[in-house]
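Visitor: Here it is: the structure, laid out below.
The values are calculated or read from the model by the stated rules, or taken from the named source; none is laboratory data. Treat the numbers as computed from the prediction; the structure is a model and nothing was measured. Neighbour counts are summed over all protein chains in view; Cβ atoms, including those assigned to glycine, are modelled from backbone coordinates with ideal geometry. Please note that ligands, DNA and RNA were not included when accessible areas were found on the heavy atoms of the full protein model with its side chains. Shrake-Rupley method; radii C 1.70, N 1.55, O 1.52, S 1.80 Å.
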Amino acid sequence: METALKPFRALAYVVGVMLLVLCVGMVLRYGFGEPSLSQTIAPIHGGLYMIYLIAVMNLGMKGRWSWPYMAGIMLGGTVPFLSFYVERRVTQRVRTALAAAEA
């Protein structure tokens, strides 16, 4: 599970940052009439989010998580700042499970 945790953590941070940049782009687009940032960031965030979903599936299958739990983790990349919180909680859960497995 440790090998699946690293890509998940990296993607959670990247997707979270890209979502925040996308939010800024949306404010610029709809508040100030400047669509260029959101037009650039939206497809990048979408592609990275798809890779994030694969990373969650990989980690969830290795950790034998329930489908509702995995779906909740997947939604972490859709709400600003939530992916950072979800990443912390998942990392704690996985490290606790790994420590219990070693003991």
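Visitor: Can ARG64 be described as at pLDDT 95 or above, farther than 20 Å from LEU82 by Cα and open to solvent by 30 Å² or more (accessible area, probe 1.4 Å)? Write out each step before concluding.
Guide: Values: at pLDDT 95 or above: no; farther than 20 Å from LEU82 by Cα: yes; open to solvent by 30 Å² or more (accessible area, probe 1.4 Å): yes.
Spelling it out, it is not the case that ARG64 is at pLDDT 95 or above, farther than 20 Å from LEU82 by Cα and open to solvent by 30 Å² or more (accessible area, probe 1.4 Å).
Visitor: A further question on this structure: Report, by residue number, each residue of the stretch 6-36 that is open to solvent by 80 Å² or more (accessible area, probe 1.4 Å) and outside any helix (DSSP H, G or I).
Guide: GLU34
Yes/no matrix, rows are residues, columns are (1) in a helix (DSSP H, G or I); (2) open to solvent by 40 Å² or more (accessible area, probe 1.4 Å); (3) within 18 Å of LYS6 (Cβ to Cβ):
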residue	(1), (2), (3)
SER38	yes, no, no
ILE41	yes, no, no
TYR52	yes, no, yes
LEU75	yes, yes, no
TYR85	yes, yes, no
ALA101	yes, yes, yes
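Visitor: Considering (1) of a type outside the set (Asp, Glu); (2) open to solvent by 70 Å² or more (accessible area, probe 1.4 Å); (3) modelled with pLDDT of 95 or more, say which one THR3 fails and leave the rest.
Guide: Checking THR3 against (1) of a type outside the set (Asp, Glu); (2) open to solvent by 70 Å² or more (accessible area, probe 1.4 Å); (3) modelled with pLDDT of 95 or more, the one that fails is (3).
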